[in-house]
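Notes follow the structure.
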C-alpha cells in the first residue's frame, strides 16, 4: 500500500499556510471592495508584509539566500494548494504565476548582472514580470513552431512577431521573450533563444486583453515590431530557448495544477456546506416535521439506529 502522508516538516508548513489563509487572508480579502484596484493592491501589500516579516511565509520556492524558504517540489505542491484557496493567496506569498516560474528561470539561467537587475526586485516583490512564448498562428504546445524571429544587428537583436495569452503583460516591468534566432539548427529544438525585454519598450505593443468566459484577466495579445534588445539581455545561450522553456514550464505546471486542486477543494467544501445547511433547514421547518409524521427526536433515533 502506498503511503501518501506528508513528512512532518512538510505538513507543518502546509498547516502554517492554511492557518494564515484562514485567519488573515480570507477575512481581509472578503472585507474589501474587490472591484476597486486600490483596495485590492493595499490588501495584498499589507498581507505581504505580514507574511514576510511575521509569518516567515515568503518565496517558498526560492533558496534561503534569496530570502525564500527553500522548499522542494512536494512541499511546494502542498503550499500551492493551500495558498490558492483564496485567490490572492499566492500573491501574498510572492509565489504567483508567472513570476514564480520566471524567478526559477532567472536563478538558474541568468548571469550575475541579470540576477541583480531583474531577479532581485522580483524576489523583493517590487516588480512584476511576464513570459512571452505562445503565438496565435501556431500550436502553443510545440515551441519548435514559433514564428517570432530575431536577428543580430551589432550589439542588439531586432525582434518581430506576434504573441498572445501573455499573462500579466500589462504592468509588467520586464518580459522573458522566446524568439527564433537560428535558421538552420541541427535539431528543431535548438532554433529558439530567450531574451529579457525591459517594459515598456518601443516595438512591444499590447493589442488587447484577451477575453475569456470569465472576462478579462490581463492575458494579453502582443504585437512585436522591430523591438530592439541588447545582446547582454539574452537569457541563456543561443539556441537554448526550448531547453529553457522546458525547465521553466515543468515546475510551473505543477504549481498550476496544485492551485486548481486547492480551488476544487474550496468549491467542494462550499457545496457540502450548502447541502448540509439546506438539509438542516428543511428538516427543522414546521412543514417538514408535520409531513414526516414523527418528531425530530424520533427521526434522530431512527437514523442513529440504522
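Does residue 110 count as surrounded by fewer than 22 Cβ atoms within 10 Å (Cβ to Cβ), on the phi < 0 side of the Ramachandran plot and in contact with a strand residue (DSSP E or B) (Cβ under 7 Å, 6 or more places away or on another chain)? Against the criterion (surrounded by fewer than 22 Cβ atoms within 10 Å (Cβ to Cβ), on the phi < 0 side of the Ramachandran plot and in contact with a strand residue (DSSP E or B) (Cβ under 7 Å, 6 or more places away or on another chain)), residue 110 qualifies.
The rows are residues; the columns are (1) surrounded by 13 or more Cβ atoms within 10 Å (Cβ to Cβ); (2) more than 30 Å from residue 165 (Cβ to Cβ).
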position: 13; (1), (2): yes, yes
position: 17; (1), (2): yes, no
position: 30; (1), (2): no, no
position: 42; (1), (2): yes, no
position: 88; (1), (2): yes, no
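The single condition among (1) under 25 Å from residue 77 (Cα atoms); (2) under 19 Å from the mean Cα position of the chain (by Cα) that residue 65 does not meet is (2). Does segment 111-128 contain at least one residue that is closer than 16 Å to residue 241 by Cβ and modelled with pLDDT under 95? So far as segment 111-128 goes, no, none of its residues is closer than 16 Å to residue 241 by Cβ and modelled with pLDDT under 95. Filtering segment 50-70 to residues that are without any contact (Cβ under 8 Å) to a residue 60 or more places away in the chain and part of a loop (DSSP other than H, G, I, E, B) leaves 56, 57, 58, 60, 63, 67, 68, 69, 70.
For segment 110-133, filtered to residues that are in a helix (DSSP H, G or I) and touching a residue at least 60 places away in the same chain (Cβ under 8 Å), the residue that is nearest to residue 181 (Cα to Cα) is 114.
Only a single item in (1) under 18 Å from residue 85 (Cα atoms); (2) crowded, with 18+ Cβ neighbours inside 10 Å is not met by residue 52, and it is number (1). Of the set (1) at pLDDT 95 or above; (2) crowded, with 16+ Cβ neighbours inside 10 Å, all apply to residue 104 but (1). With respect to (1) within 23 Å of residue 177 (Cβ to Cβ); (2) at pLDDT 95 or above; (3) in a helix (DSSP H, G or I), the lone exception for residue 136 is condition (3).
Residues checked against (1) part of a helix (DSSP H, G or I); (2) within 18 Å of the chain's Cα centre (by Cα); (3) in contact (Cβ under 8 Å) with a residue 60 or more places away in the chain; (4) closer than 22 Å to residue 101 by Cα:
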position	(1), (2), (3), (4)
1	no, no, no, no
4	no, no, no, no
13	yes, no, yes, yes
33	no, no, no, no
48	yes, yes, yes, yes
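For segment 18-30, does any single residue satisfy the condition of being in a helix (DSSP H, G or I) and closer than 16 Å to residue 258 by Cβ? Yes, segment 18-30 contains a residue that is in a helix (DSSP H, G or I) and closer than 16 Å to residue 258 by Cβ.
Among residues of segment 139-170 being touching a helix residue (DSSP H, G or I) at 6+ places or on another chain (Cβ under 8 Å) and in a helix (DSSP H, G or I), the one that is surrounded by the fewest Cβ atoms within 10 Å (Cβ to Cβ) is 144.
The values are calculated or read from the model by the stated rules, or taken from the named source; none is laboratory data. Nothing here was measured: the structure is a model prediction, and the numbers come from that model. We place every Cβ from the backbone using ideal geometry, glycine too, and count neighbours over all the protein chains shown.
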